[in-house]
Every structure is written in C-alpha cells, then in structure tokens.
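K.L.:
I'd like to ask you about the structure that follows.
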Amino acid sequence: MQLKIGDKIIQVNNPDKIIYPDDKITKLQVIQYYERIASLMLAYLKDRPLTMHRFPDGISVEGFFQKEIPEYFPSWVERVKLENKTGGDTTYLLCQNKETLVYIAEQACITPHIWLARYDKPNHPDKIVFDLDPANPEDFETVRETALQLKEVLDRLELTSLVMTTGSKGVHVIIPIQREYTFEQTRQFAQIIAKKIVKNNPEKTTIEQRKNKRTGKLFIDTTRNAYAQTSVAPYALRAKKTAPVATPITWQQLENKNLNAKTYNIKNIFNHIEKTQNPWKNITEQANIIKAIEKI
C-alpha cells in the first residue's frame, strides 16, 4: 500500500505484519501512530542527529541500533555528517518533517533516539539529562521519590526542570540549558547533582555504573551527557508489551501514585494529550543558565 504524506508518496510494505505480538499491533498501526503524533513530536526531533532502534521482525526478535543513514534512504530525507569519537565520521539522519518520521517508521524504527545537541553546535548541548533507572522495574515509587528529590535540588539552584516517563522503567529529568556549555561542563555538573542525591539517600540510590555493584539500588545515570550520546525521544514508542510511549508529564502528574513508566501507551496517549496541556510546550523558552552551585 502507499501513503501520501505531504507531497511524498511512501510505500508501506507488509502493513499487516505484527510488530507487537502480545498486543496484535501491526506495522501499519505503528506508522499511523507516528503520523498522528508528528505535529507534537517533531519539535523535539528537529535538527538533532537521530539513531534508529529498528525491529524489522517485530519486538519479539532482538532489534538493532543504526546510526549511519542507509544509502537507499530517499534523497529528500535530510542528513548531516559529523565527526565521531573514534575518528572518522558518521552520516546521521535528521527528522525534520512528518514525511521522514513516517518513512523511518515504515523502516521498522520503533524508537528514535536523539542527541542532546543540535547538529549546528554538536559540542554544545541544549539540555542535561538524568536517567533514573530502578534496579527493580516494578519499583516506580523509588523513581518518583528520587525524581522529586532531584527537583528540590534543582529548585534551590533556581533551575527549571522537566520530567518524562521513559516508557521503560523510570523517568528522565531534563534541565533545558542555553547552548553555551560543553558536554564536559554539563556532565560534571550533572555528576555533582547526582552525588548530592546519593549522599542524601545512600540506601536507595547509586551512581555506580557497574550493575554488579549497584546492590539493588536505583541508578542515577548521567553518562548520556556526552558527545554523540542519545536519549529516547519524547513521544517515542518503546519495544515492550502494550507499546508504551515515552511521555512528557508535569511534576504534579508524577506525584500521582497510579503513575508508572509505562502508564501511557499507543492506545491511551492521544486521550491523555487531548485532556492535558503539553508540559514541554515552551521548552526552548525555559533554557537555563547554569549558575554557581553553592546552594546545593
């Protein structure tokens, strides 16, 4: 079948192929999700190098990450060549419009992952990310407590912060920042904050990267704050049962005891969006200047 998106015709192969076996969600339904969410999602994808997490055989088969844009992708899909950390370069896809988002969904990209910087200033991020990763996927209460503790610290520093359920196990806490800092600066800042949280709650939290040394504690991951590292895009589907969605929420919503990382999914996300204002609507206008940290 073919879809007309804007002025592009996109060929959809095997539209009835089951991508989510437990939920009987088809490839076409995944594509239609991204077509519908595009007007909201594109603001968070635009100008960011994108890594595709692809599942051509459905989520019951291990997928793969793809940084380099395939040569066969159509010429109208924008791309950018950037240096990588090992020397040489990689040509990344840029998802600048609905046509591209639908096209990569047709290519079985279930989850887009995006840089923390935009391509024109790749060494200068516009956000800091704290990934709160619980040892027990069912322990969202520790995630909630830790995120709120993190917000308290950031509030004392007079820094605007945002929160998003990941659709997996935890949440991302985001600090939008002005694009004048290097990744080294933002990573060091994030590590100082994370160490403060762990010092205040050593029984439940850790910054230990090695899993065998976390002893059942929630991992405050700041390693994404580095050149060419990525985080899951807002409103991306995840390759898990129920097709959960990485969903920006308000801090008030996080306090809801019924909320968890997978609350929002392909079947209920649009009802949620229709009932609530977009909490990240003015993210670019909330860009922080990182001040001195004596208030921590």
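K.L.:
Which is farthest toward the positive dipole end of the chain among 115, 31, 150, measuring Cα position about the Cα centre, with Cβ charges +1 (Lys, Arg) and -1 (Asp, Glu)?
P.N.:
Value: 150.
K.L.:
Related question: What number, rounded to the nearest 500 deg cm²/dmol, is the helix-based mean residue ellipticity at 222 nm of the chain, given -39500 (n - 2.57) per DSSP H run of at least four residues and division by all its residues?
P.N.:
Working: 6 runs with 74 residues, N = 296.
Estimated from H runs of four or more residues: -8000 deg cm²/dmol.
K.L.:
Taking amide H positions as placed 1.01 Å from N in the peptide plane, with prolines and chain starts having none, which residues 5 or more places from residue 47, or on another chain, fall under 5 Å of its amide H?
P.N.:
For residue 47, whose amide H was placed from the backbone, the distant partners under 5 Å are 95.
K.L.:
Also, I was wondering about something else. Would you be so kind as to identify which of 55, 10, 253 lies farthest towards the positive end of the dipole of the chain, taking Lys and Arg as +1 and Asp and Glu as -1 on Cβ and the Cα centre as origin?
P.N.:
253
K.L.:
Using the heavy atoms of the protein chains and a 1.4 angstrom probe, tell me the accessible area per residue for the chain in square angstrom.
P.N.:
It amounts to 47 Å² per residue over the chain.
K.L.:
Something else now. Using a cut-off of 20 Å between alpha-carbon atoms, which aspartates and glutamates can reach residue 67, once sequence neighbours fewer than 8 places away in the same chain are excluded?
P.N.:
Leaving aside aspartates and glutamates fewer than 8 places away in the same chain, those within reach of residue 67 are 47, 57, 78, 83, 89, 99, 106, 120.
K.L.:
Here's a follow-up. Compute the Cα gyration tensor for the range 27-112, then decide on rounded, prolate or oblate, letting a ≥ b ≥ c be the square roots of its eigenvalues: rounded whenever a/c is under 1.5, prolate when a/b is larger than b/c in the other cases, and oblate in all that remain. List each step's numbers first, then the result.
P.N.:
Details: a/c = 1.96, a/b = 1.28, b/c = 1.53.
Taking the square roots of the gyration eigenvalues as a ≥ b ≥ c, the range 27-112 is oblate.
K.L.:
Give me the extension gain from residue 275 to residue 24: residue separation times 0.36 nm, minus the current Cα-Cα distance, reported in nm with one decimal.
P.N.:
Details: separation 251, 0.36 × 251 = 90.36 nm, distance 2.66 nm.
Net length gain for the segment: 87.7 nm.
K.L.:
Which of 151/196; 8/46; 98/281; 81/291 have a Cα-Cα distance over 22 Å? Walk me through the intermediate numbers first.
P.N.:
On the way: 151/196 12 Å; 8/46 19 Å; 98/281 18 Å; 81/291 33 Å.
Violating the 22 Å limit, Cα to Cα: 81/291.
K.L.:
If you put +1 on each Lys and Arg Cβ and -1 on each Asp and Glu Cβ, how big is the dipole of the range 139-185 around its Cα centre, in Debye rounded to 20? Please list the in-between numbers first.
P.N.:
Numbers: 5 positive and 8 negative charges, 30 e Å.
Taking the Cα centre of the range 139-185 as origin, the dipole is about 140 debye.
K.L.:
Give the residue list of trypsin sites (Lys or Arg not before Pro) in the range 57-96 that are DSSP loop and have at most 10 other beta-carbon atoms within 10 angstrom.
P.N.:
Numbers: sites: 67, 79, 81, 85; in loops: 67, 85.
Here the trypsin sites (Lys or Arg not before Pro) that fit, given the DSSP loop and packing criteria, are 85.
K.L.:
Give the lysines reachable from residue 262 as a straight Cα distance under 16 Å; neighbours fewer than 8 places away on the same chain don't count.
P.N.:
Partners within reach: 169, 240, 241.
K.L.:
Report, to the nearest whole %, how much of the accessible area of the chain belongs to carbon and sulfur atoms, 1.4 Å probe, protein only.
P.N.:
On the way: 6290 of 13980 Å².
Within the chain, the accessible surface is 45 percent carbon and sulfur.
K.L.:
Next up: Mind listing which GluC sites (Glu not before Pro) in the range 1-98 are in a DSSP loop and have 10 or fewer other Cβ atoms within 10 Å?
P.N.:
Values: sites: 35, 62, 68, 71, 78, 83; in loops: 62, 68, 71, 78.
In loop regions of the range 1-98 (DSSP not H, G, I, E or B), the sparsely surrounded GluC sites (Glu not before Pro) are 62, 71.
K.L.:
As a test of the definition: which semi-axes, in Å, follow for the range 46-161 when you take the square root of five times each eigenvalue of its alpha carbon gyration tensor? Largest first, please.
P.N.:
Numbers: eigenvalues 190, 87, 34 Å².
Each semi-axis is the square root of five times an eigenvalue, giving 31, 21, 13 Å.
K.L.:
Here's another thing I want to ask about it. Could you give me the ³J(HN,Hα) list for the range 32-39, computed from phi with Karplus coefficients 6.51, -1.76, 1.60 and θ = phi - 60°, whole Hz, x at Gly and Pro?
P.N.:
5, 4, 5, 5, 6, 7, 3, 4
K.L.:
Decide, for the range 162-207, between rounded, prolate and oblate: order the square roots of the alpha carbon gyration tensor eigenvalues as a ≥ b ≥ c, take rounded if a/c falls under 1.5, and otherwise choose prolate if a/b is larger than b/c, else oblate. Provide the component values of the computation, followed by the final result.
P.N.:
Details: a/c = 2.69, a/b = 1.23, b/c = 2.20.
Here the range 162-207 falls in the oblate category.
K.L.:
Moving to a separate point now. Show me the trypsin sites (Lys or Arg not before Pro) within the range 203-281 that DSSP assigns to loop and that have at most 11 other Cβ atoms within 10 Å of their Cβ. Kindly include the intermediate steps, with their values, before the conclusion.
P.N.:
On the way: sites: 204, 210, 211, 213, 214, 217, 224, 238, 240, 241, 257, 262, 267, 275, 281; in loops: 204, 210, 214, 217, 224, 238, 240, 241, 257, 262, 267, 281.
Loop-located and lightly packed - 210, 257.
K.L.:
Please compute the alpha carbon radius of gyration of the chain, then divide it by the globular-protein estimate 2.2 N^0.38 Å. Two decimals is fine. Show your work: numbers first, answer last.
P.N.:
Values: Rg = 19.0 Å, N = 296, 2.2 N^0.38 = 19.1 Å.
Rounded to two decimals, the normalised Rg is 0.99.
K.L.:
Treating cross-link reach as a plain straight distance, find the aspartates and glutamates whose alpha-carbon is under 13 Å from the alpha-carbon of residue 211, omitting any fewer than eight places away in the same chain.
P.N.:
Within the straight-line cut-off, residue 211 pairs with 133, 221.
K.L.:
Given charges of +1 on the Cβ of Lys and Arg and -1 on the Cβ of Asp and Glu, with all other atoms neutral, how large is the dipole of the chain about its Cα centre, in debye to the nearest 20?
P.N.:
With Lys and Arg at +1 and Asp and Glu at -1, about 400 debye.
The values are calculated or read from the model by the stated rules, or taken from the named source; none is laboratory data. This one's a predicted model, so the numbers in the text were calculated from it and none came from an experiment. Glycine gets a Cβ as well: all are built from the backbone with ideal geometry, and neighbour counts include every protein chain shown. When the accessible area is computed, the model is the full protein with side chains, heavy atoms only, and any ligands, DNA or RNA have been set aside. Shrake-Rupley method; radii C 1.70, N 1.55, O 1.52, S 1.80 Å.
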